[in-house]
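Take a look at the structure below.
The values are calculated or read from the model by the stated rules, or taken from the named source; none is laboratory data. Bear in mind the structure is a predicted one, so any value in this text is a computation, not a measurement. All Cβ positions, even for glycine, are placed from backbone atoms using ideal geometry, and neighbour counts span all protein chains on display.
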Amino acid sequence: MAALAAVRRCRVLLHGAVKSSFRGSPSQPRSYSAGRLSVQERIERKRQAALVGGGQKRIDAQHGRGKLTARERVALLLDPDSFVEYDAFVEHRCSDFGMEADHNKFPGDSVVTGQGRINGRLVYVFSQDFTVFGGSLSGAHAQKICKIMDQAMLVGAPVIGLNDSGGARIQEGVESLAGYADIFLRNVMASGVVPQISLIMGPCAGGAVYSPALTDFTFMVKDTSYLFITGPDVVKSVTNEDVTQEELGGAKTHTAVSGVAHKAFENDIDALLNLREFFNFLPLSNKDPSPVTECHDPSDRLVPGLDTLVPLESTKAYDMLDVIHSIVDERDFFEIMPNYAKNIVVGFARMNGRTVGIVGNQPKVASGESKAPIRYQHLISKLYYCCLDINSSVKGARFVRFCDAFNVPIITFVDVPGFLPGTAQEYGGIIRHGAKLLYAFAEATVPKITIITRKAYGGAYDVMSSKHLRGDVNYAWPSAEVAVMGAKGAVQIIFRGKNNQADAEAEYVEKFANPFPAAVRGFVDDIVVPSTTRRRICRDLEVLATKKQTNPWKKHANVPL
Amino acid sequence: YLIDHAAFRSRCCIIVSRAQYSTVYDHNEKVMKTCKKMGIKTVAVHSDVDANAVHVKMADEAVCVGPAPTSKSYLNMDAIMNAIRQTGAQAVHPGYGFLSENKEFAKRLAAEGVSFIGPDTHAIQAMGDKIESKLIAKAAKVNTIPGFDGVVKDADEAVRIANEIGYPVMIKASAGGGGKGMRIAWNDEETREGFRFSSQEAASSFGDDRLLIEKFIDNPRHIEIQVLADKHGNALWLNERECSIQRRNQKVVEEAPSTFLDPETRRAMGEQAVSLAKAVNYSSAGTVEFLVDSRKNFYFLEMNTRLQVEHPITECITGLDLVQQMIRIAKGFPLQHTQAEIPINGWAIESRVYAEDPYKSFGLPSIGRLSQYQEPLNLHNVRVDSGIEEGSDISIYYDPMISKLVTYGATRAEALKKMEDALDNYVIRGVTHNIPLLREIIVHPRFISGDISTKFLPEVYPEGFKGHQLTATGRKELLATAASLFVAAQLRAQKFLGDLRVSNTQQERRSWELCVELEKGVHMLGVSRSGATYTVEIDGDKLEVSSDWNLASPLLTVTLNGIHRTLQCLSRNAAGEISLQYLGTTFKLRVLSKLAAALSVHMPEKVPEDTSSILRSPMPGTVVAVSVKAGDTVAEGQEICVIEAMKMQNSMTAAKTAKVRSVHCKPGETVGEGDLLVELE
């Protein structure tokens, strides 16, 4: 009972808080001639109307669905009292189908836009309002979004979109479509200039999906958000497939199967609070350096556990996340796409306070089709653990390109026995997709530090931020093996037809299954004791902070899409 | 160690057979430290999975004796004998468990002319056999347990014997030490079940399937006497150890001396122990275990012919290094001390820190990798004997002991206070551990007053251990710490170093209104800051919380209204969830701004899974037997399958009467904690 009362108490308080934070005008209206509402009163009235969106009934319905309103979301996302709203007075301009009627006009229309601060740093935000025409996109709605995007690019600050929209405003016809295209164009223009983040907090269907798809990161809310080109009904009529909204385009589908979304959160509050945390990792624009925050974790901390982490048997698995967690500041790692292509791990962390992008092969997870990680995989030895495959290449490539675009140094942990063989991969175009990762690492000019923890075999060795692709500092742990392939395969080729395979294998292992062949050629800069890795990386990043490197002039590069 | 030093310079090599507690825990480090002090070179033997273990690194040489299962490595005599030959070792210290009490092993060593640091074969044989040992004890005028009887061939015979003795009876493997394989039966049916389990365990752990059934003494204390005897017929008793705090007949907390013994009883027990040692011509260190009833009657239980896990507390109060004494004795030196020279100086407590979940039957094994590990060695009068370090893997193959934590003080109260501090400062991450239970035991009024028995745990926690129960003050301390930590993290998140292109125009906040959830209670808190001190208002009370607010350290040392406390922050996330270890127990809190808390009423409830129809493995282990198949109807409490982990067999039973929908495991399979075993309809 006490708990409930407490919650009720703060609910009441909240209403006061939200109102006051959006009220901008002086409270004393000037009086005009009688019989006519004063302008001041009209301003006040419109502002009040803008605050309640589609009205209390629709707000209750929105809450009933387990979703917050557009304004509540903005209030949670931004620092208290920091939101500066634009275009609260904008209304749609449609005059067909009775839309011109007063009761069909809502100040601000179906989106809330403006700028504010997250932990003191500037961000532009739009938040679609499902309570107004289901958040549908009118010309005015699109125009509001475009306005803040344009300004974000002028100023150099990220854009966060909180998507909750039924789709196009059908009554407006082509105007709505034009609106989408205007946004798409800005998404593309802003790409690589300011970070763009989409948080899908409700439906997002049809053409609307392409805006999140063009942004740098797409996050979703579990159970209450959907992304698809066409809904279950259309799917049924066209392909005769029976599929639910959740199966077709829910958070699970997009974070584990399609790879469209980068992460999913439990509910609106969880998502918005996590987004604040995530935002702290990002630079404001491509002109800003990777942010540095106050750090309590000593940069020269040794990590003794790493000395015993890599198993002696080269086929045994270990968890690359253990490596990452123990090396980065405060074990704080914001993993991107944790449930998709788990054989590669990517995400943001900090080293001595500075944001870095981490890419690591994951020996714990099998490549290819296998999804569910089996417990006790360390008991089973499998050949193709942590191979690069189509999905992991694409996942890694996109992440590396984001880091490069926004000056975030890249730290790569390598344990890769090669690219995944098989018809499924070849027919799927592993050549084309694997090239993306190679391309991304090669083109990147940010500081690149690479640590080979164990295997670096074949072409995959080249790909994973090798010295040859302009890696700035490349380390090998004593357990590293840099070779064209594993001993068994190599011996079958080198000593074809010879009898004593075991001896040959031993000879090969002696020669190649160690870091020396790479070290004597200078392909790794040093062989380091694993426990000193954190110290080394922090020191190197300090030095590389002033790195300047440019690629040859080009209109734009031609990445193998 | 002057004399010893000279005596052992002779390039004597010691093979230390891997102890029972293998990967997880080992005394071997202790043995090696002593050897090093004495100038003796050491060789460690290890299994495949232990190649990186601490004892292997500490040794001068190491030899791998086989794969992980103990029967193929640490119990593999041939491999160990080979290792001895290969390294030219002159002596073997057997550690504890495994081959330490194996007479065959001692014989083979003798045949090779290698000394065995421990008693001779005859004594091991005599005391290793529960039945023979009792006969000898009787003859030596040592009090023995009434109703004692013999070897058992089948379940029917077990029932007949049990009835002769009268219930309750205790069943265990003849060759097993401690509580391994021990079961208590109150009726015929339980006797049959106990017979089946004990004989299986006896076969798998000791390779000797003889069993023992004897009268079970209700409500006893477990008190043991440490003895030391040389090869010249001299023997000493080094006082007692009280080991009554047990779970499933395995010791959890031990202390020396016991609060219960008066000098007369102590002397009587000591003298009987010594006379038993002399009766078997015992040499080396040994332990005579007694059960002591409430009237201070004591009964001989068994004699352990090896160094025991809990020996450090005896070392603490007597000042003797038992390993050093064992090595001296093995070399034929006479005892250095007389009985009158054995003191009781101060008080020592030992807590066995296990990798296990204390909320399940006071401790079911857990596994994992120690992602962070920090022993409380910064504290004075704290000793930690462990075989692991940060990064060690705790596997399913061996006993789950992490370390033995010993604290010492001039008085018992001092030693206990030190234990509280030590447990609070002990950082273990990556595996579930029993510190919550240990921390509660040592502050329990019954324990503090010395009112304990081997039934302490089930009596004090009849519903199972539920963790520390917060007092009103404790709750406030916890809430205030969580809220302050939350604010400290929020403030730091705004501290960007270097030049901000777009400047921050906001004023730094000085006060916060927060909503903190703890154990389903919701509290509104006001927090205000001045420097590193936060003033937290909870329900009209004000708490001052100060700390250095180091957000990277696993330890969180705070001063709460002037009281110093060490908490641990186990996790903290963006959604405001904070796990704090407070007084040993982990509490989950959620801190939200008032706004977020108010809005959270709209968040949908996620439906948890129905657990009554699903049987999940409570721990990682191996499936030994599956007793049902899909379509069978099972009764509530009926055995569904048996999981073996860390040498313990655990019977999994149905939570309700239902039909079996599907079976997801088969014998021989390895399962993880939480893995689905069987689904009921």
Among the helices (runs of 4 or more DSSP H) confined wholly to segment A:176-259, which include 3 or more residues that are touching a Ser or Thr at 6+ places or on another chain (Cβ under 8 Å), buried (at least 18 other Cβ atoms within 10 Å of the Cβ) and modelled with pLDDT of 95 or more? A:210-214
Criterion violated by A:Ser290 - all others in (1) at the interface with another protein chain (Cβ under 8 Å from one of its Cβ atoms); (2) among the polar types (S, T, N, Q); (3) touching a strand residue (DSSP E or B) at 6+ places or on another chain (Cβ under 6 Å) satisfied: (1)
Residue among B:Ile225, B:Ile171, B:Ile217 that is out of contact with any Cys (no Cβ under 8 Å at 6 or more places or on another chain) and either surrounded by fewer than 21 Cβ atoms within 10 Å (Cβ to Cβ) or polar (S, T, N, Q) (or both): B:Ile217
Consider segment B:481-534. How many of its residues are at the interface with chain A (Cβ under 10 Å from one of its Cβ atoms), surrounded by fewer than 17 Cβ atoms within 10 Å (Cβ to Cβ), more than 22 Å from A:Gly353 (Cα to Cα) and modelled with pLDDT of 90 or more? 2
Looking at B:Ala655, B:Ala630, B:Ala625 in this structure, which one is over 30 Å from B:Ala483 (Cβ atoms), assigned to a loop (DSSP other than H, G, I, E, B), under 33 Å from the mean Cα position of the chain (by Cα) and of a type in the set (A, V, I, L, M, F, W, C)? B:Ala655
Number of the exception - A:Arg45 against (1) exposed (fewer than 15 other Cβ atoms within 10 Å of the Cβ); (2) modelled with pLDDT of 50 or more; (3) not in a helix (DSSP H, G or I); (4) not small (Gly, Ala, Ser): (3)
Does A:Ile380 fit the bill of being on the phi < 0 side of the Ramachandran plot, modelled with pLDDT under 95 and within 14 Å of another protein chain (Cβ to nearest Cβ)? yes
On the basis of being over 22 Å from A:Glu330 (Cα atoms) and of a type in the set (Gly, Ala, Ser), does A:Ala506 make the cut? yes
Report yes if A:Ile324 is among the aliphatic types (A, V, I, L, M) and away from chain B (no Cβ under 13 Å), otherwise no. no
Inspect segment A:54-70 for any residue being away from chain B (no Cβ under 11 Å), touching a helix residue (DSSP H, G or I) at 6+ places or on another chain (Cβ under 8 Å) and modelled with pLDDT under 95 and give the result as yes or no. yes
I'm told B:Ala482 meets every condition in (1) in a loop (DSSP other than H, G, I, E, B); (2) closer than 30 Å to B:Arg529 by Cα except one. Can you identify the failing condition by its number? (1)
Out of all the residues in segment A:137-175, which are surrounded by fewer than 20 Cβ atoms within 10 Å (Cβ to Cβ), touching a residue at least 60 places away in the same chain (Cβ under 8 Å), away from chain B (no Cβ under 14 Å) and under 25 Å from A:Val123 (Cβ atoms)? A:Lys147
Scan of segment A:401-429 for residues that are surrounded by 20 or more Cβ atoms within 10 Å (Cβ to Cβ), assigned to a helix (DSSP H, G or I) and more than 23 Å from the chain's Cα centre (by Cα), ordered by number: A:Gln425
Only listed residue being at pLDDT 80 or above, small (Gly, Ala, Ser) and part of a loop (DSSP other than H, G, I, E, B), chosen from B:Gly178, B:Gly194, B:Gly233: B:Gly233
Note: among B:Val142, B:Val49, B:Val45, just one is at pLDDT 80 or above, buried (at least 19 other Cβ atoms within 10 Å of the Cβ) and of a type in the set (Val, Ile, Thr), namely B:Val142
Any hit, segment B:515-538, residues being in contact (Cβ under 8 Å) with a residue 40 or more places away in the chain and touching a Pro at 6+ places or on another chain (Cβ under 6 Å): no
Can you say whether A:Pro304 is facing another protein chain (nearest Cβ under 10 Å) and either more than 23 Å from A:Ile160 (Cβ to Cβ) or at pLDDT below 95 (or both), as far as the supplied structure shows? yes
Condition set crowded, with 24+ Cβ neighbours inside 10 Å and on the phi > 0 side of the Ramachandran plot, scope segment A:100-132, selection nearest to the other protein chains (Cβ to nearest Cβ): answer is A:Gly108
So how many residues does segment B:539-553 have that are in contact (Cβ under 8 Å) with a residue 12 or more places away in the chain and either farther than 30 Å from A:Arg301 by Cα or among the charged types (D, E, K, R) (or both)? 5
Qualifying residues in segment A:269-284 (those that are within 8 Å of chain B (Cβ to nearest Cβ) and in contact with a Pro (Cβ under 9 Å, 6 or more places away or on another chain)) - the one surrounded by the most Cβ atoms within 10 Å (Cβ to Cβ): A:Leu284
Quick one: B:Leu560 ticks every box in (1) within 14 Å of chain A (Cβ to nearest Cβ); (2) surrounded by fewer than 22 Cβ atoms within 10 Å (Cβ to Cβ); (3) at negative phi except a single one, so which number is it? (1)
Among what's in segment B:366-389 and is facing chain A (nearest Cβ under 10 Å) and within 18 Å of B:Arg352 (Cα to Cα), pick the residue that is modelled with the highest pLDDT. B:Tyr373
Of the conditions (1) outside any loop (DSSP other than H, G, I, E, B); (2) away from chain B (no Cβ under 14 Å), the single one that A:Lys342 does not satisfy is (1)
Scan of segment B:105-144 for residues that are in a helix (DSSP H, G or I) and either aromatic (Phe, Trp, Tyr) or at positive phi (or both), ordered by number: B:Phe105
Counting only residues that are within 14 Å of A:Gln362 (Cβ to Cβ) and assigned to a helix (DSSP H, G or I), which one in segment A:307-321 is farthest from the other protein chains (Cβ to nearest Cβ)? A:Met320
